[in-house]
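Peer 1: Quick one: this structure, given as structure tokens, is what I'll be asking you about.
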Amino acid sequence: MQQTPASRLSANRARLGHKVRYALRHPGRVVPYLRRAGRDALLRLRHGGDHIAYYRAVMASDTARSPEAAVGGAASAERWLAIGQMQFDYLLAHGLRPQDRLLEIGCGNLRAGWRFIQHLDAGHYYGIDISPDILIEAKKTLVRYGLQDKLPYLTPVDDLKLDFLPDGAFTVVHAHSVFSHSPLHVIDECLAHVGRILAPGGFFDFTFDRTEAAEHQVLGEDFYYRTETLTRLAARHGLVARFMDDWERLPHGQSKLRVTHAVATTA
Ligand SMILES: C[S@@+](CC[C@H](N)C(=O)[O-])C[C@H]1O[C@@H](n2cnc3c(N)ncnc32)[C@H](O)[C@@H]1O
């Protein structure tokens, strides 16, 4: 049974000591890290404090090099398939039905999306992403898997207000490895609005990089949160967040929360 190792939960990757120890353990990763840090510094300078514009530029640069790596770090087709399968199998085990209406936030190049689209009735999948470059790759994935008849929606966005989507439209909302790249104000915006588009009884699953130490971020790209920060944020927007223990058993470094409408209790 896979569990997140304690060392992973207590590490603060922003600290110099952590970086030095990591570099000594993985000397081959030092030059790529420095190259990435340099590029990110330039992009941050160009986009000021606008995280979405900055991260969109990161995605454009990463996608140009490798769409598989842009959504998952390692540029391997096997890993791309395996992580998509893991997301799909998990939701299937949690009862995903063809008639569900699924919104995928940060759908990338449809690593999991193509499997959702294949499973769902035509027109029942909606993918949104801040990166036009990765959405062009998503279109290629649709063609590769022959999913044209499923008529999925793919839309670029520049915020998570979800204001262009109808009330109560989605029974399932899914965001995998998106909040692991999001500052808290982006997550807050999403939680402030997701309740409106969630159908009664629907749920919103998202993964996040969990820490049990101080919350921190690396290069403005990777963000580490304590579970209670996110559950409290959800509560502030009238939502209930539940930690998904069964996800922890899977070979994936992130944790998962499931958010639902708070059910009114009768006295
Ligand atoms: C690590 S990739 C994961 C993609 C996909 N969920 C998957 O599992 O393959 C993160 C994706 O989220 C998108 N993204 C990041 N922040 C976002 C935001 N605030 N709103 C929508 N998409 C976002 C990125 O452009 C990228 O495509």
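Peer 1: Can you find, within the stretch 163-194, the residue that is nearest to the ligand (Cβ to nearest atom) among those that are hydroxyl-bearing (S, T, Y) and closer than 15 Å to Y225 by Cα?
Peer 2: Checked the stretch 163-194; the qualifying residue nearest to the ligand (Cβ to nearest atom) is S177.
Peer 1: What is the number of the single condition among (1) open to solvent by less than 20 Å² (accessible area, probe 1.4 Å); (2) closer than 30 Å to A235 by Cβ that V178 does not meet?
Peer 2: (1)
Residue-wise test of (1) near the ligand (Cβ under 10 Å from one of its atoms); (2) open to solvent by 10 Å² or more (accessible area, probe 1.4 Å); (3) over 15 Å from the mean Cα position of the chain (by Cα).
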| position | (1), (2), (3) |
| --- | --- |
| R97 | no, yes, yes |
| I105 | yes, no, no |
| F116 | no, no, yes |
| A122 | no, yes, yes |
| Y125 | no, no, yes |
| I130 | yes, yes, no |
| D133 | yes, yes, yes |
| I136 | no, yes, yes |
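Peer 1: May I ask you to list the residues in the stretch 54-80 that are free of Cβ contacts under 8 Å to residues at least 60 places away in the same chain and more than 11 Å from the ligand (Cβ to nearest atom)?
Peer 2: S61, R65, S66, A74, A75, S76, A77, E78
Peer 1: If you don't mind, another one. So, in the stretch 57-93, exactly how many residues are outside any helix (DSSP H, G or I) and either buried (at least 20 other Cβ atoms within 10 Å of the Cβ) or at pLDDT below 90 (or both)?
Peer 2: 4
Peer 1: Can you go through A241, A199, A192 and tell me which one is open to solvent by 20 Å² or more (accessible area, probe 1.4 Å) and more than 25 Å from A11 (Cβ to Cβ)?
Peer 2: Checking each option against the conditions leaves just A192.
Peer 1: Output the number of the condition that V173 fails; it satisfies all remaining conditions of (1) crowded, with 16+ Cβ neighbours inside 10 Å; (2) out of contact with any Asp or Glu (no Cβ under 8 Å at 6 or more places or on another chain).
Peer 2: (2)
The values are calculated or read from the model by the stated rules, or taken from the named source; none is laboratory data. Every value quoted in this text rests on a predicted model; they were computed, and no experiment measured them. When we count neighbours, we look across all protein chains shown, and the Cβ atoms used for this are built from the backbone with ideal geometry, even at glycine. Note: areas computed on protein heavy atoms with side chains; ligands, DNA, RNA excluded. Shrake-Rupley method; radii C 1.70, N 1.55, O 1.52, S 1.80 Å.
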